[in-house]
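What follows is calculated from the coordinates using simple rules that are stated; it is not laboratory data. All values derive from a computational prediction rather than experimental measurement. Positions of Cβ are backbone-derived with ideal geometry, glycine not excepted, and every protein chain shown enters the neighbour counts.
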Amino acid sequence: MRALVFYGPNQLELAEVPVPELGPGDILVKVAACLICGTDLRIFRGKKTKGVRTPSILGHEFAGTVVAAGPDVGEFRPGDRVGVAPVIPCHTCAYCKKGRENVCANRTALGYEYEGAFAEYVRIPAAAVHGGNVYRLPADLPFEAAALAEPLACCVNGQRNSQIGLGDAVVILGAGPIGLMHLALAKAAGAGRVIVSEPNDQRRSMALELGADLVVNPEVEDLNGVVKNATDRLGADAVILAIGIPALAEQALTLVRKGGSVNFFAGFSVGDAASMDVNLIHYNELKITGTSAARREDYGLALRLIGKGLVDAGRIVTHRYPLDRGWEAFKLAESGQGIKVAIIP
Ligand SMILES: [Zn+2]
Ligand SMILES: [Zn+2]
């Protein structure tokens, strides 16, 4: 089969590799769509190394059709359309027992420890099949939309940490796919006012079209001033950092009101550090949280929300490339010209 193989930083090549062999309990999925994640881009540029093997096949936001099942697979049959939550928890560590399987101490994931879906076929290991990571898709849900369930599930997890309530003022920094999905979820959660800060013109207008109450170009406008004016000088109830820029982590603390929350949703590049006025956290009683991946229940919820049209996948996925133009697809995703880029094997 053909696959996009990651050989190391800046080395991504189309290669002919064997179709994965199935063990007991495994299933083989023919990939219909696999989306490029910001994390894939950081891996591609060598800015994320944890859990990354070389050579390996990346790609964890995908959906497709079951084409083969190993012995012992009762639940899934060839022809089933499925989406897969890529994080496979161990179910037994202290975190899993506490309901925090997304940060499982022994976690493995498709597209990291297991080969991912920038390929014609992907093997779903028995641990994922038996563990409930595989979701059957509604017949009318397009594969591309289903593939969006993974990043949306991570946003669902982030929103849980942000605890956005009815009428809240929310600031989202960054209007890439993640920022736009946070916007949709914040509105659905009852946020009274969502302010999106984003330097890219096209992304700002997309944020407006998707329901932002206010958009700000932080390169020409004073974001702090805009937020203060829009919130009776108080600041936001919640700030979500949807882009991993250390200076913004610092600024986020100044955008939020006393008792407000800041969620560091986006990952940073390895070695990044930010200096911040820690007294802002202390005196203002801020709640600072992070977000790491998603739980299976978040994935299931994300699929249902996409099915209900809460997130318009047709607008978020703006570009499609075949496997043999994978390099081009990665470059485009990196350029910020599109929103979400799909590889269609
Ligand atoms: Zn992702
Ligand atoms: Zn665990």
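For region 80-139 and region 293-336, compute the distance between their C-alpha centroids and round to whole Å. A separation of 18 Å, based on Cα centres.
For region 253-317, what is the relative contact order in percent, using Cα pairs closer than 8 Å and at least 6 residues apart in sequence? RCO, region 253-317: 35 percent.
What pairs in Lys228/Lys258; Lys98/Lys187; Lys48/Lys331 have C-alpha atoms more than 21 Å from each other?
Working: Lys228/Lys258 13 Å; Lys98/Lys187 29 Å; Lys48/Lys331 17 Å.
Check vs 21 Å cut-off fails for Lys98/Lys187.
Would you mind ranking Ser197, Ser261, Ser275 so that the residue whose beta carbon has the fewest other beta carbons within 10 Å leads the list?
Values: Ser197 29, Ser261 21, Ser275 9.
Neighbour counts put them in this order, fewest first: Ser275, Ser261, Ser197.
With an 8 Å Cα cut-off and a minimum separation of 6 or more residues, compute the relative contact order for the chain in percent. All intermediate terms of the calculation are to be shown ahead of the outcome.
Values: 799 pairs, mean separation 65.1, N = 345.
Averaging sequence separation for qualifying contacts and normalising by length gives 19 percent for the chain.
Can you tell me the order of 1-9, 85-93 when each peptide is scored by its average per-residue count of other Cβ atoms within 10 angstrom, highest first? Let's see the in-between values first.
Working: 1-9: 19.1, 85-93: 21.4.
For the peptides 1-9, 85-93, the packing ranking is 85-93, 1-9.
Simple spin-label estimate for Glu120 and Asp324 gives 1.2 nm between the two label positions (7 Å along the Cα-to-Cβ direction from each Cα). Ranked by how many other Cβ atoms sit within 10 Å of their own Cβ, fewest first, the residues Ser56, Ser292 fall in the order Ser292, Ser56. Full extension of the chain between Ser269 and Ala94 gives 60.2 nm of extra length, using 0.36 nm per residue less the Cα-Cα distance. Modelled spin-label separation between Glu13 and Arg136, with each label point placed 7 Å from Cα along the Cα-to-Cβ direction: 4.2 nm. Relative to the longest principal axis of the Cα atoms of the chain, the long axis of helix 177-188 lies at roughly 70 degrees.
Only the Cβ atoms of Lys and Arg (+1) and of Asp and Glu (-1) were treated as charged; on that basis the dipole of the chain about its Cα centre amounts to roughly 540 debye.
Cβ-to-Cβ counts within 10 Å put Ile339, Ile344, Ile195 in ascending order as Ile344, Ile339, Ile195, the fewest first. Seen from Pro177, the other residues with C-beta closer than 15 Å to its C-beta sum to a net charge of -2, counting Lys and Arg as +1 and Asp and Glu as -1.
Suppose R0 equals 22 Å. What FRET efficiency, 1/(1 + (r/R0)^6) with r the Cβ-Cβ distance, do Glu75 and Arg304 give to the nearest 0.05?
Numbers: r = 19 Å, r/R0 = 0.88.
For Glu75 and Arg304, the calculated efficiency is 0.70.
Taking label positions 7 Å along the Cα-Cβ direction at both Met276 and Val220, the computed distance is 3.0 nm, reported to one decimal. Packing here is the average count of other Cβ atoms within 10 Å per residue, and on that basis the peptides 151-157, 20-26, highest first, run 151-157, 20-26.
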